[in-house]
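Values quoted throughout were computed directly from the atomic coordinates according to the rules given, and no laboratory measurement underlies them. Just so you know, these numbers come straight off a predicted model, no measurement behind them. Note that we place each Cβ from the backbone using ideal geometry, even for glycine, and neighbour counts take in every protein chain shown.
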Amino acid sequence: MDNYGIIQTHRVEKGMTDGKGLLRLSSLFTLFQDIAGDHSALLDCSADQLQERGYFWAVTNYKAQIARLPEEGEELTLETCVGRPAHAIFPRYFRLFDGKGEPLALCASRWALVDVVKRTAAAGAPGFEAFNGPKDPWGLKDAGPVRPAAAERHVDFSLPPEYIDRNGHMNNARYFEMAELMLGGDIEGFVPCFAAMEYRSELLPGVPMKVGIGSIDPAALDSGAQRAFYLFGESEEAQIFRMKLGYRPK
């Protein structure tokens, strides 16, 4: 791949799968998160290097189409590349393939450079010229805001210590783990085929969050989903996230 991205190979290990041997949705986004970090490190912007400069990367949006979740033991090829930044937002894209080269998942994302002290996006920080890639490099639609929908029920959530990452807030991939645990029987016998996420504020330790959950029209996701859900999280002071998930029969 050119200077705008990298390619990695992975094997689906047991710890990455659910009780049925399929890659967990949260593990998929952990793969995305990790390869983004590895690519940033190659561009001299590793997590440690950023911290020394007073910044960290924070994902603000994901939009993924999932053809199939791989099984335990499968060999995978994962690619990432950056797009053209605008207004302090850095686009990044992901493609996942199985061992035969068949596409498993496509994902667009947006990232922001966050000031460690101010906890706000840092616009115009020098030294990030290498993150200026081509516009829409793989023809993927950008990951935009998630439109709200109605909630049918609410669940209280307290941030477990194991969900906290090195930046001191809830890790972005853990939101998908939390969501599927809350959906529970609603997705029994189904597998994810679509995921859209908007991170609106960080969830910090000790801050209670109330999660709203509602069913939505699966046709609106344009993904072949037969069941779809909207989830959102709020603390007393801020909106934390908005998410839409689509599922098809296994």
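How many angstrom separate the Cα center of the stretch 11-37 from the Cα center of the stretch 77-92?
21
Between Lys141 and Ala219, what's the calculated FRET efficiency when r is the beta-carbon distance and R0 is 25 Å? Round to 0.05.
0.90
Using the 10 angstrom Cβ neighbour count as an exposure proxy, how do Arg24, Arg153 rank, fewest first? Display every interim value, and only then the final one.
Working: Arg24 20, Arg153 9.
Ranking Arg24, Arg153 by Cβ neighbours within 10 Å, fewest first, gives Arg153, Arg24.
With unit charges on the beta carbons (Lys and Arg positive, Asp and Glu negative) and the dipole taken about the Cα centre of the stretch 191-250, which residue among Leu204, Leu221, Phe232 sits farthest to the positive side?
Comparing the listed Cα positions along the dipole, Leu221 ranks first.
Once you treat every alpha carbon in the stretch 204-244 as an equal point and sum by Debye, what is log10 I(q)/I(0) at q = 0.19, 0.24, 0.28, 0.34 Å⁻¹?
Results for the stretch 204-244 at q = 0.19, 0.24, 0.28, 0.34 Å⁻¹ read -0.60, -0.76, -0.89, -1.12.
What percent do you get for the relative contact order of the stretch 1-143 when only Cα pairs under 8 Å and 6+ apart count?
For the stretch 1-143, the relative contact order is 27 percent.
What is the local net charge at Leu231, summed over the other residues whose Cβ is closer than 12 Å to its Cβ (Lys, Arg +1; Asp, Glu -1)? Kindly include the intermediate steps, with their values, before the conclusion.
Numbers: positive: Arg153, Lys210, Arg242, Lys244; negative: Glu152, Glu180, Asp186, Glu198, Glu234.
For residues surrounding Leu231, the net value is -1.
State the dimensionless ratio Rg/Rh of the stretch 1-94 (Rg: radius of gyration of Cα atoms; Rh: Kirkwood radius).
Values: Rg = 14.7 Å, Rh = 14.7 Å.
Answer for the stretch 1-94: 1.00.
Pick from Ala196, Ala228, Ala41: which residue has the top mean-square fluctuation in a GNM of the chain where Cα pairs under 10 Å get a spring?
Among Ala196, Ala228, Ala41, the largest mean-square fluctuation in the Gaussian network model of the chain belongs to Ala41.
When a footprinting reagent is the concern and you count Cβ atoms within 10 Å, what order do Val116, Val211 take, fewest first?
Val116, Val211
Give or take rounding to whole Å, what are the principal axis extents of the alpha carbon atoms in the stretch 114-182, in descending order?
Principal-axis extents of the stretch 114-182 (Cα, largest first): 43, 33, 19 Å.
For the stretch 145-250, what mean projected area does the convex hull of the alpha carbons give, in nm²?
Answer in nm², one decimal: 6.6.
Counting other C-beta atoms within 10 Å, which of Ile240, Ile216 has the fewest, and how do the rest follow?
Ordered by Cβ neighbours within 10 Å, fewest first: Ile216, Ile240.
Based on alpha-carbon positions alone, could you give the equivalent ellipsoid semi-axes of the chain from the gyration tensor, as √(5λ), descending, whole Å? It would help to have the intermediate numbers written out before the result.
Numbers: eigenvalues 141, 109, 57 Å².
That gives 27, 23, 17 Å for the three semi-axes.
Rounding to the nearest 20 debye, state how big the charge dipole of the chain is about its Cα centre with +1 on each Lys and Arg Cβ and -1 on each Asp and Glu Cβ.
Value, rounded to 20: 560 debye.
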